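Comments concern the structure below.
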Amino acid sequence: AGEQESPPGSRFVCTSLPLDAAGAGCPLPPVPMQGGALPPEEELKATVLQLRETVLQQKETIGSQREAIRELTGKLSRCEGADGKSAAGAWKNEVGKGKDTMGDLPRDPAQVIDQLSRTMQTLKDRLESLEHQLRANVSYAALPSDLREMLQRRLGDLERQLLSKVAELEDEKSLLHNETSAHRQKTETALNALLERVSELEKGNSAFKSPDEFKVSLPLRTNYLYGKIKKTLPELYAFTVCLWLRSSASPGIGTPFSYAVPGQANEIVLIEWGNNPIELLINDKVAQLPLFISDGKWHHICITWTTRDGMWEAFQDGEKLGTGENLAPWHPIKPGGVLILGQEQDTVGGRFDATQAFVGEMSQFNIWDRVLKAEDIMNIANCSINMPGNIIPWVDNNVDVFGGATKWPVETCEERLLDL
């Protein structure tokens, strides 16, 4: 409508126009300011704009949070990838198992972000609808109070929804951080265990350059210091036992070794007890051996036996000092027993007597399932050959020690010869 002179008492009639036509026809008269207060529709419009600005700020905040989530997820993926590569071999079987820690989260952060994006779009659409309504109703003097209250209530609900989604995203971020820390701690624990194992292996290798270069030390006469051979004997119709030993215990050096089976604790025993000479027991039958080894020096001892007529031989430092027969003839050595170093067994693997315990050091305890030739025994004793036992070889991982018995690096064969 155009602007015309109006006689007194006349009224103005305004028709709503599109916003882009404001200035082409009859412009809306400016609303006078009274005491700095805005008209109700301007105040409501300002409130909507302020809320829209708040929503945009929240959207920027959520965008930065989303970038943080992506960064944390990328770091976790690289951590898990490195975990899988570094755990190749023993650690892969013992430690990792490739657990996917992301699967432990109650919800996927990507789903939360997508849901938040949809909520933001809904807010934007609803705000644009409210602005359109304001433009359509700007010609009214004021909006109805119930409409304003409903609008404010709905805007409050939307704001609470937005804050709730932001809090939910923060919770998901915290959970992801905690899972990442737990995964890193688990990885560090596994690596520390591996480092300790490597250190143990390095220490073991530095102690024993070769698996057989060690000795067992039994320094006290007790009923709890002893060594145990992990392997057992098969059924034997002949054997040769050789070992290096050093002892100055008195009276008697005790029991260098004993082999017990169910029903017979004295299946094979070598013992020097009290003032008696060294004795060889087989199936509880006894033969006295002409050996003299309690001078505190290293000595190489070999004993052979065969079930045929119970023939036996005794060697000291490569020299045959005695022989005999009728020691448990035609009795095969029973299999599946327990072989103990340093103690005499009254039951299989137990009931040791301190008065019969070996005191000293021993090494190179080997057993063959045949009678060795005198020439072979001499070569072993004078360090010409190294011939491990084919039934029981002297190796570190086949000997356990208990009660304070210890393993130490042993003198070389040549040094033991000089001690004779």
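The values are calculated or read from the model by the stated rules, or taken from the named source; none is laboratory data. Because the structure is predicted, anything quoted here is derived from the model rather than measured. Every residue, glycine among them, receives a Cβ derived from its backbone with ideal geometry; neighbour counts consider all protein chains shown. Keep in mind that these areas ignore ligands, DNA and RNA; they rest on the heavy atoms of the full protein, side chains included. Shrake-Rupley method; radii C 1.70, N 1.55, O 1.52, S 1.80 Å.
For residues in the range 36-54 being out of contact with any helix residue (DSSP H, G or I) (no Cβ under 9 Å at 6 or more places or on another chain) and open to solvent by 90 Å² or more (accessible area, probe 1.4 Å), which is modelled with the lowest pLDDT? Restricting to residues being out of contact with any helix residue (DSSP H, G or I) (no Cβ under 9 Å at 6 or more places or on another chain) and open to solvent by 90 Å² or more (accessible area, probe 1.4 Å), the top hit is GLU43. Residue selection: LEU321 fails the criterion of being in a loop (DSSP other than H, G, I, E, B) and either touching a His at 6+ places or on another chain (Cβ under 7 Å) or in the same structural domain as ILE278 (by the TED database) (or both).
What is the number of the single condition among (1) part of a loop (DSSP other than H, G, I, E, B); (2) open to solvent by 50 Å² or more (accessible area, probe 1.4 Å); (3) among the aliphatic types (A, V, I, L, M) that LEU327 does not meet? Here LEU327 clears every test but (2).
In the range 184-208, the residues that are open to solvent by less than 70 Å² (accessible area, probe 1.4 Å) and modelled with pLDDT of 75 or more reach residues that are small (Gly, Ala, Ser) and assigned to a helix (DSSP H, G or I) with C-beta atoms within less than 7 angstrom, at least six apart or across chains, in these pairs: ALA190/GLY96.
Within the range 407-417, the set of residues being touching a Phe, Trp or Tyr at 6+ places or on another chain (Cβ under 9 Å) and surrounded by fewer than 15 Cβ atoms within 10 Å (Cβ to Cβ) comprises TRP408, PRO409, GLU415.
On the basis of being under 44 Å from the mean Cα position of the chain (by Cα), open to solvent by 60 Å² or more (accessible area, probe 1.4 Å) and of a type in the set (Lys, Arg), does LYS228 make the cut? When the stated conditions are applied, LYS228 passes them. Filter the range 111-138 down to residues that are of a type in the set (D, E, K, R) and either over 16 Å from GLU53 (Cα atoms) or outside any helix (DSSP H, G or I) (or both) and give me whichever is modelled with the lowest pLDDT. Top of the filtered list is ARG135. GLY342: in contact with a Leu (Cβ under 6 Å, 6 or more places away or on another chain) and either surrounded by 22 or more Cβ atoms within 10 Å (Cβ to Cβ) or free of Cβ contacts under 8 Å to residues at least 24 places away in the same chain (or both), yes or no? Judged against the criteria, GLY342 is a match.
Can you tell me which of ASN366, ASN398 is open to solvent by less than 50 Å² (accessible area, probe 1.4 Å), modelled with pLDDT under 95 and within 25 Å of GLY350 (Cα to Cα)? Spell out the reasoning first.
Values: ASN366 fails: modelled with pLDDT under 95.
The unique qualifying residue is ASN398.
Might you check whether a residue that is small (Gly, Ala, Ser), modelled with pLDDT of 70 or more and within 24 Å of GLN50 (Cα to Cα) occurs anywhere in the range 159-176? Walk me through how you get there before you give the answer.
Just the residues of the range 159-176 that are small (Gly, Ala, Ser), to begin with: 164, 167, 174.
Right, trim to modelled with pLDDT of 70 or more and you get 164, 167, 174.
In the following step, the residues that additionally are within 24 Å of GLN50 (Cα to Cα) were identified as 164, 167.
The answer is yes, given that some residue of the range 159-176 is small (Gly, Ala, Ser), modelled with pLDDT of 70 or more and within 24 Å of GLN50 (Cα to Cα).
Quick check on my filter: what residues within the range 374-389 are assigned to a loop (DSSP other than H, G, I, E, B) and either at pLDDT 95 or above or among the small types (Gly, Ala, Ser) (or both)? Working first, answer last.
So the first thing to find is which residues in the range 374-389 are assigned to a loop (DSSP other than H, G, I, E, B), and the list is 382-389.
Matches in the range 374-389: SER384, GLY389.
Look through ILE253, ILE278 and report the one residue that is more than 48 Å from the chain's Cα centre (by Cα), crowded, with 21+ Cβ neighbours inside 10 Å and not acidic (Asp, Glu). Break it down into steps so the answer makes sense when it comes.
Values: ILE253 fails: more than 48 Å from the chain's Cα centre (by Cα).
Step by step, each of ILE253, ILE278 is checked, and only ILE278 is more than 48 Å from the chain's Cα centre (by Cα), crowded, with 21+ Cβ neighbours inside 10 Å and not acidic (Asp, Glu).
Does the range 370-380 include one or more residues that are open to solvent by 60 Å² or more (accessible area, probe 1.4 Å), in the same structural domain as LEU270 (by the TED database) and within 44 Å of the chain's Cα centre (by Cα)?
Going through the range 370-380, the residues open to solvent by 60 Å² or more (accessible area, probe 1.4 Å) turn out to be 370-371, 373, 375, 378.
Then keep just the ones that are in the same structural domain as LEU270 (by the TED database); that gives 370-371, 373, 375, 378.
Within this subset, residues satisfying the condition of being within 44 Å of the chain's Cα centre (by Cα) are none.
Checked against the condition, which is being open to solvent by 60 Å² or more (accessible area, probe 1.4 Å), in the same structural domain as LEU270 (by the TED database) and within 44 Å of the chain's Cα centre (by Cα), the range 370-380 yields no hits at all.
Looking across the range 256-275 at every residue that is closer than 17 Å to TRP312 by Cβ and aromatic (Phe, Trp, Tyr), the one that is surrounded by the most Cβ atoms within 10 Å (Cβ to Cβ) is identified as TYR259.
Would you tally the residues in the range 407-420 being assigned to a helix (DSSP H, G or I) and not charged (D, E, K, R)? Residues meeting the conditions: 3.
Would you say LYS215 is open to solvent by 70 Å² or more (accessible area, probe 1.4 Å) and touching a residue at least 60 places away in the same chain (Cβ under 8 Å)? When the stated conditions are applied, LYS215 does not pass them.
Based on this model, can you work out whether GLY404 counts as assigned to a loop (DSSP other than H, G, I, E, B) and surrounded by fewer than 16 Cβ atoms within 10 Å (Cβ to Cβ)?
Working: assigned to a loop (DSSP other than H, G, I, E, B): yes; surrounded by fewer than 16 Cβ atoms within 10 Å (Cβ to Cβ): yes.
For GLY404, the condition - assigned to a loop (DSSP other than H, G, I, E, B) and surrounded by fewer than 16 Cβ atoms within 10 Å (Cβ to Cβ) - is met.
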